[in-house]
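Some notes on the structure that comes next.
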Amino acid sequence: METIHNPAQIKNVTFFTPGVIILSIIALNGLVFLFGRFIFGIGAVTNLNNFYPWGLWIGVDVAAGVALAAGGFTSAALGHVMHREKYHAIVRPALLTAMLGYTFVAIGVFTDIGRFAPLNYVEW
Amino acid sequence: MLNSNRRQFLKISAGLTAGMTVMGNTEVKANPENILSPDRFGVLVDTTVCVGCRNCEWACKNAHGHEAGDIDTYKDRSVFLKKRRPQSHSLTVVNEFKNTKFRSLPIDVKVQCMHCDRPACVSACIVGAFSKHKDGRVIWDGDKCIGCRYCMVACPFQIPTFEYEKTIQPDICKCDLCNDRQEKGLLPACIDICPVEALTFGPRTDLIKIARERIKRNPDSYNNYIYGENEVGGTGWMYLSNKKFEELDFPKLHDKPAPGVSEAIQHGIFAYFVPPAMLYALLGSMMWITKNRQSKEMEAEDGNNS
């Protein structure tokens, strides 16, 4: 048990690898459109209209974000509910990924909907 | 040790189950009851009578506070070259179709929310912003809407529209059968202004009788079909025409209510919160069993080591 929970700092690793740089460019691109959405409206940046009220947007939200989260929670279930001790090592990173997944779903949905006042009634 | 664990577990799971059942009873919206009045209002549109003056469009814009302009500009018939759909600033539009029987008399079809008896938008709305009034109108409540546009996806007639140009607080716009005017005892604006009485407002059951009577009296000038009588479980607005309705851009729909199957599944799954509670109970018991087995193994290992 003790050997499994032995966190150690990762040392001498460059953060900006080519992969991270490419992903950062994609993310910056997304941020530009995020600002565009709050200036020109959701229709202008997504090309959605009354005939296509939902588009790729929902696919990325739901298919990517929620699916990412599901994997993390399944790993957590393996480790903590079924007590398969050998999976404990990956439970934390998996749960972090899951949390990020749902966070981005929430941010994506918030960007999408546009009417925020009724959300005050939701019991968080 | 073991016994106390077991007792604790049972207590906790029983408490959880009870709590969820209580929550389920109070918070989950049960199957919407059929609150519809038998005398609920509908509208009969006789497309053989409509002359395409588009006064209804003007009246609708005025009644809903949209920029209407001068009524004389609505005499311009060139707008009929294009098929239009309701927009956020024009909740009803009139489209014109060629008449194959009488060429000089084009067929004009008014398009707006059909006010279904079993509305898909009401069923789909996740926050309950749409509701069906007992008098027949389907209305949208801006205080509840979060703008997810599920209603637009759900509607079999593609009626709800969204203010895409607005950044914050965009509205879902659709015909509300002049909810405000009806509350004051007035007729809906389009019906009030129609100069040729192409629109008949009245109890839905009476309208069906009137429609049947008209078809019986003039079987040559009507296609023997009332669009909306049975479509998706019946709609508030019903249409008569001398052409097949598919040729007038009406969707061909079956007679079952649009939300029927999905609503049954949804309300079945979450009835009294039983399945989620069962899932938690299952996971909890699995956790307890595996934990128990593991501690036994460890005890056994410890015994071997020493």
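Only the coordinates and a few stated rules stand behind these numbers; no lab work does. Everything numeric here is computed off the predicted structure, so don't read it as measured data. Neighbour counts run over all protein chains shown; Cβ positions are idealised from the backbone, glycine included.
Table for the structure above
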read-out	value
For the protein assembly as shown, Cys with no neighbouring Cys Cβ under 4.7 Å	B:CYS50, B:CYS53, B:CYS60, B:CYS116, B:CYS125, B:CYS145, B:CYS148, B:CYS155, B:CYS173, B:CYS178, B:CYS194
Gyration tensor verdict on region A:30-91 (Cα atoms; rounded if a/c is under 1.5, prolate if a/b is larger than b/c, oblate otherwise)	prolate
Mean-position separation - Cα centroids, region B:41-80 and region A:11-48, in angstrom	46 Å
Percent breakdown of C-alpha pair distances by 5 Å bin, ordered from the shortest bin, for chain A	2, 9, 12, 15, 17, 15, 12, 8, 6, 3, 1, 0
Entries of B:LYS132/B:LYS184; B:LYS75/B:LYS252; B:LYS144/B:LYS256; B:LYS61/B:LYS252; B:LYS75/B:LYS110; B:LYS61/B:LYS209 with Cα pairs more than 20 Å apart	B:LYS75/B:LYS252; B:LYS144/B:LYS256; B:LYS61/B:LYS252; B:LYS61/B:LYS209
Between region A:62-92 and region B:165-228, the Cα center-to-center distance that results, in Å	55 Å
Radius 13 Å from Cβ of B:ARG217, net charge of other residues (Lys, Arg +1; Asp, Glu -1)	+1
Förster radius 45 Å - calculated FRET efficiency between A:VAL20 and B:LYS98, Cβ distance, rounded to 0.05	0.15
Gained length - B:SER285 relative to B:ASN218, 0.36 nm times residue gap less alpha-carbon distance	17.0 nm
For the protein assembly as shown, diffusion coefficient by Stokes-Einstein and Kirkwood Rh (Cα), 37 °C, 0.692 mPa s, µm²/s	125 µm²/s
Gain upon complete extension [A:ILE107, A:LYS11; 0.36 nm per residue less C-alpha separation]	31.4 nm
Distance in nm between pseudo-label sites at B:SER262 and A:LEU34 (7 Å out along the Cβ direction from Cα)	3.0 nm
Approximate shape of region B:76-137 as ellipsoid semi-axes (Cα gyration tensor, √5λ), whole Å, largest first	32, 14, 9
Descending Cα extents along the principal axes, region B:121-270, whole Å	51, 37, 29
Full-extension gain in nm, B:ILE71 to B:ARG181, via 0.36 nm per residue minus C-alpha separation	37.6 nm
